[in-house]
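What follows is a short report on a single structure.
The values are calculated or read from the model by the stated rules, or taken from the named source; none is laboratory data. Predicted, not measured: the structure shown is a model, and the values here were computed from it. All Cβ positions, even for glycine, are placed from backbone atoms using ideal geometry, and neighbour counts span all protein chains on display. Heads up: the accessible areas ignore ligands, DNA and RNA and are worked out on the full protein's heavy atoms, side chains in. Shrake-Rupley method; radii C 1.70, N 1.55, O 1.52, S 1.80 Å.
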Amino acid sequence: MEVKLSNLNDYTVVSIHGRVDTLTASDFESKILEVLEGGAKKLLLDCSDLAYISSSGLRVFLVAQKKMMASGGSLKLCCLQPEIKEIFDISGFSTIFSIFPDAESAAAQ
Amino acid sequence: MIKNSTLSRSITLANRIDELTRISAFLEETTEQWDLPMALGMSLNLVLEEAFTNVVQYAYTDKEQHEIELLMEKSGKELIVTIIDDGQPYDPTKKTDPDINLNVENRPIGGLGIFLIKKTMDNVAYERKNDKNHLIMTKNLA
């Protein structure tokens, strides 16, 4: 698992590469928290290259969403692969995140 | 081509989270050898990760090394995945499903693992046999 940071409009974009599972979730969590603690108020998690997610990874997404909402920020997701989207659907996570088909439409609003 | 034959593969794992790497490799070999669809391989990876992680994190009250057996069988249109551990008795099928309609503020952190297994597989059963937990997860193959 690796993350890459970039900017699009006024969004901080975190591109997630690889697997977010029980083995990598804590590393992912500390990287996300670092971005949040850096003061990012508009965050876009680009999941184009997110190959796999388990409940440990979903947990980190939920933590990030809770923190963003508590601080009045905005968290968006884009570009989920169909297998990943299915897991979000099953978990009910599709309704608690703003999910966009591509980065441009997510960062446009 | 052999019809209606039962295929079977197993692996013995230690109760350590880093064994997930061996589980993924074992699953990849099995998916390839049995010619299973790739999408199924990915959902099985999720199921096995959730089930195995639960055992490693919650089944043992001591600090000893334990053996966990993972058994995969394919019989006709059925794929059966069984995890056998010698931890304390625990029936995950009895766990209450999380409320997936709660909003973000009220949504508890965690508690999704077993639920994902139940939603992904067609049947999940538990048996306690010879002082061991058997979690038997079945997927109907199309």
> When the dipole is taken about the Cα centre of the protein assembly as shown, and only Lys, Arg (+1) and Asp, Glu (-1) are charged at their Cβ, what size is it in debye, to the nearest 20?
Replying inline: 520
> Tell me, which cysteines of the protein assembly as shown are without a disulfide-compatible partner by the Cβ under 4.7 Å rule?
Replying inline: A:C47
> Among A:K85/B:K132; A:K85/B:K139; A:K67/B:K139; A:K4/A:K85; A:K85/B:K74, which pairs are too far apart, with a Cα-Cα distance over 32 Å?
Replying inline: A:K85/B:K132; A:K67/B:K139
> Can you put B:K94, A:K66, A:K41 in order of accessible area, largest first, using a 1.4 Å probe?
Replying inline: B:K94, A:K41, A:K66
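If you take every residue apart from A:V14 with its C-beta less than 15 Å away from the C-beta of A:V14, what net charge results, scoring Lys and Arg +1 and Asp and Glu -1?
That sum, taken over residues with Cβ under 15 Å, equals -2.
Under the rule a/c < 1.5 gives rounded, and otherwise a/b versus b/c splits prolate from oblate, where does chain A land using the Cα gyration tensor?
It comes out rounded by the Cα gyration axes.
To the nearest whole number, what is the average tally of beta carbon atoms from other chains within 10 Å of the beta carbons of peptide A:89-96? Could the numbers behind the result be given before it?
Working: counts 2, 8, 7, 8, 4, 1, 5, 7.
Mean partner-chain Cβ count within 10 Å for A:89-96: 5.
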>> At a probe of 1.4 Å, how much accessible area disappears from chains A and B on forming the pair, both sides counted, to the nearest 100 Å²?
In response: 2000
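Solvent-accessible area per residue for chain A at a 1.4 Å probe radius, Å²?
With the other protein chains kept in place, chain A gives 43 Å² per residue.
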>> I want the local charge near B:I80. Using Cβ-Cβ distances under 9 Å, sum +1 for each Lys or Arg and -1 for each Asp or Glu among the other residues.
In response: 0
>> Counting heavy atoms of the protein chains only and a 1.4 Å probe, report the per residue accessible area for the range B:7-142 as a whole number of Å².
In response: 53
> For chain B, rounded, prolate or oblate, judged on the Cα gyration tensor with a ≥ b ≥ c (square roots of eigenvalues), a/c < 1.5 rounded, else prolate if a/b > b/c?
Replying inline: oblate
>> Going by Cα centres, the range A:6-22 and the range A:88-109 are how many Å apart?
In response: 13
>> Quick test of the membrane-span-like rule: which DSSP H helices of chain B reach at least 20 Å along their long axis (C-alpha atoms) with mean Kyte hydropathy at least 0.5?
In response: B:38-58
>> What is the percent carbon and sulfur in the accessible area of chain B, measuring with a 1.4 Å probe over the protein chains and ignoring ligands?
In response: 48
> Residues of B:99-106, mean number of Cβ from any other protein chain within 10 Å of their own Cβ, rounded to a whole number?
Replying inline: 4
> In nm, to one decimal, how far is the A:E2 label point from the A:S74 one, both placed 7 Å along Cα→Cβ?
Replying inline: 3.0
> How would B:H66, A:H17 line up by accessible area, probe 1.4 Å, largest first?
Replying inline: A:H17, B:H66
>> As an exercise, use a Förster radius of 35 Å and the Cβ-Cβ distance of A:E104 and B:N106 to find the FRET efficiency, rounded to the nearest 0.05.
In response: 0.60
>> Just to check, using Stokes-Einstein with a Kirkwood Rh over alpha carbon pairs, what's the diffusion coefficient of the protein assembly as shown at 20 °C and 1.002 mPa s in µm²/s?
In response: 111
